[in-house]
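Undergrad: Sharing a structure here in structure tokens format.
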Amino acid sequence: MFLKEPTSPEAVAHLEKDCAANGYVTNHERAWAWRPDLADAFIALRKQVTAKSSLTPREVAVLACTAARVLGDSYCSLAWGSTLAELAGPSLAGDVLRGSDPDSLTAREVALKQWAEQVVRDPNRTSLSHIEALRTAGLADREIFEATAYVAFRLAFSTVNDALGAEPDQELVAEAPPEVRAAVTYGRPSSN
């Protein structure tokens, strides 16, 4: 990370909480520890987007993996690729992280993946035809809003981490399935 690790009592408590949850202090939390209040509020609001949503955990993971891939964020690609691997298998996760459209994706997942790609690449070029494609795949307008808000939150989180130089944790890389590790050929390399 490009910033020095914060040493305020609030930062230390934040990092201790992260260590207790993960067994180690994650690199991205070293950055967010500069403002633990913002980190907690951000995570709570991002979780609120999906807490009352009818988007499935697998659909959320497809959105997260796609947004991270298009942005070139290796950290979130490894983390969410591992989550998608648990939900749908490591081969599918690797395919999504490479930008493929595996046959085992549902029509909704393909539409969400394409939507996330568009939102990350150029949100000013979205059109009614994009929305109609989501509707045709079976997504309701509320789900479309939630998917869009979720991708935007993912982008904000990734942007903070990436801009401040947070590298994927060695532990995260080691825990990722081989198919996920092989697919993530972009972004920052793992910390050493």
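Each reported figure results from applying straightforward, stated rules to the coordinates on display, with no laboratory input. Remember, predicted model here, so these are calculated numbers, not experimental data. So basically every Cβ, Gly included, is an ideal-geometry build from the backbone, and we count neighbours across all protein chains shown.
Undergrad: Extending each Cα 7 Å along its Cβ direction at residue 43 and residue 152, get the distance between those two points in nm, one decimal.
TA: 2.3 nm
Undergrad: So if each residue of separation counts as 0.36 nm, and I subtract the Cα-Cα distance between residue 141 and residue 101, what length gain in nm does that give? Show your work: numbers first, answer last.
TA: Details: separation 40, 0.36 × 40 = 14.40 nm, distance 2.34 nm.
Gain on extension, residue 141 to residue 101, equals 12.1 nm.
Undergrad: For a test of the definition: using alpha carbon positions, the gyration tensor, and the 1.5 limit on a/c, classify the range 27-92 as rounded, prolate or oblate.
TA: Working: a/c = 2.43, a/b = 1.36, b/c = 1.79.
Here the range 27-92 falls in the oblate category.
Undergrad: Also: So how much slack lies between residue 159 and residue 2, counting 0.36 nm per residue of separation and subtracting their Cα-Cα distance, in nm?
TA: Numbers: separation 157, 0.36 × 157 = 56.52 nm, distance 1.38 nm.
That pair, residue 159 and residue 2, stretches by 55.1 nm at full extension.
Undergrad: May I pose another question? So how many Lys-Lys pairs in the range 1-151 land under 25 Å Cα to Cα, not counting same-chain pairs under 8 apart?
TA: On the way: 4/17; 17/47; 47/113; 52/113.
Taking the Cα cut-off of 25 Å, the pair count is 4.
Undergrad: Hey, another quick one. How high is the relative contact order of the range 1-97? Use alpha-carbon pairs under 8 Å, at least six apart in sequence, and give a whole percent. Walk me through the numbers before you get to the answer.
TA: Numbers: 74 pairs, mean separation 17.8, N = 97.
Reported as a whole number, the value is 18 percent.
Undergrad: Summing Lys, Arg as +1 and Asp, Glu as -1, what charge do residues with Cβ under 10 Å from the Cβ of residue 116 carry, residue 116 excluded? Walk me through the intermediate numbers first.
TA: Working: positive: 69, 113, 121, 154; negative: 117.
Neighbour charge sum, excluding residue 116 itself: +3.
Undergrad: If I fit a long axis through the Cα atoms of helix 36-51 and take the longest principal axis of the Cα atoms of the chain, what angle between them do I get, 0 to 90°, rounded to 10?
TA: Taking Cα atoms only, the helix is inclined about 20 degrees.
Undergrad: Could you sort the peptides 127-137, 147-157, 103-113 by per-residue average Cβ neighbour count (10 Å cutoff), highest mean leading? Write down the numbers at each step before the final one.
TA: Details: 127-137: 13.0, 147-157: 20.5, 103-113: 17.6.
Listed from highest to lowest mean packing, they are 147-157, 103-113, 127-137.
Undergrad: For a test of the definition: using alpha carbon positions, the gyration tensor, and the 1.5 limit on a/c, classify the range 56-183 as rounded, prolate or oblate. Present the calculation step by step, with values, prior to reporting the outcome.
TA: On the way: a/c = 2.23, a/b = 1.38, b/c = 1.62.
Oblate.
Undergrad: Give me a comma-separated list of calculated 3J(HN,Hα) values for the range 60-73, in order, Karplus coefficients 6.51, -1.76, 1.60 applied at θ = phi - 60°, integers in Hz, x for any Gly or Pro.
TA: Once θ is set to phi - 60°, the couplings for the range 60-73 become 5, 5, 4, 4, 5, 4, 5, 4, 5, 5, 5, 6, x, 8 Hz.
Undergrad: Sorted by average packing, counted as other Cβ atoms within 10 angstrom per residue and highest first, what order do 53-61, 12-20 take?
TA: Details: 53-61: 18.3, 12-20: 15.2.
Highest-to-lowest ranking by the protection proxy: 53-61, 12-20.
Undergrad: Return a whole-number percent for the relative contact order of the range 109-192, with Cα pairs under 8 Å and 6 or more residues apart as the contact set. Each step should come with its number before you reach the end.
TA: On the way: 36 pairs, mean separation 21.2, N = 84.
Contact order relative to length: 25 percent.
Undergrad: If one computes the Cα centroid of the range 1-55 and of the range 78-142, what distance in Å separates the two points?
TA: So the two Cα centres are separated by 27 Å.
Undergrad: In degrees from 0 to 90, rounded to the nearest 10, what is the angle of the helix 141-163 Cα long axis to the longest principal axis of the chain?
TA: Helix 141-163 sits at roughly 30 degrees to that axis.
Undergrad: Further, regarding this structure: Once the dipole of the chain is set up with Lys and Arg at +1 and Asp and Glu at -1 on Cβ about the Cα centre, which of 9, 23, 152 lies farthest towards its positive end?
TA: After comparing all options, I get 152.
Undergrad: Compute the relative contact order of the range 56-183 as a whole-number percentage, counting only Cα pairs closer than 8 Å that sit 6 or more residues apart in sequence. Display every interim value, and only then the final one.
TA: Working: 146 pairs, mean separation 49.0, N = 128.
38 percent.
Undergrad: May I pose another question? Taking the Cα centre of the chain as origin, sum charge times position over the Cβ atoms of Lys and Arg (+1) and Asp and Glu (-1), and report the length of that vector in debye to the nearest 20.
TA: Working: 19 positive and 26 negative charges, 75 e Å.
The calculated dipole for the chain is roughly 360 debye.
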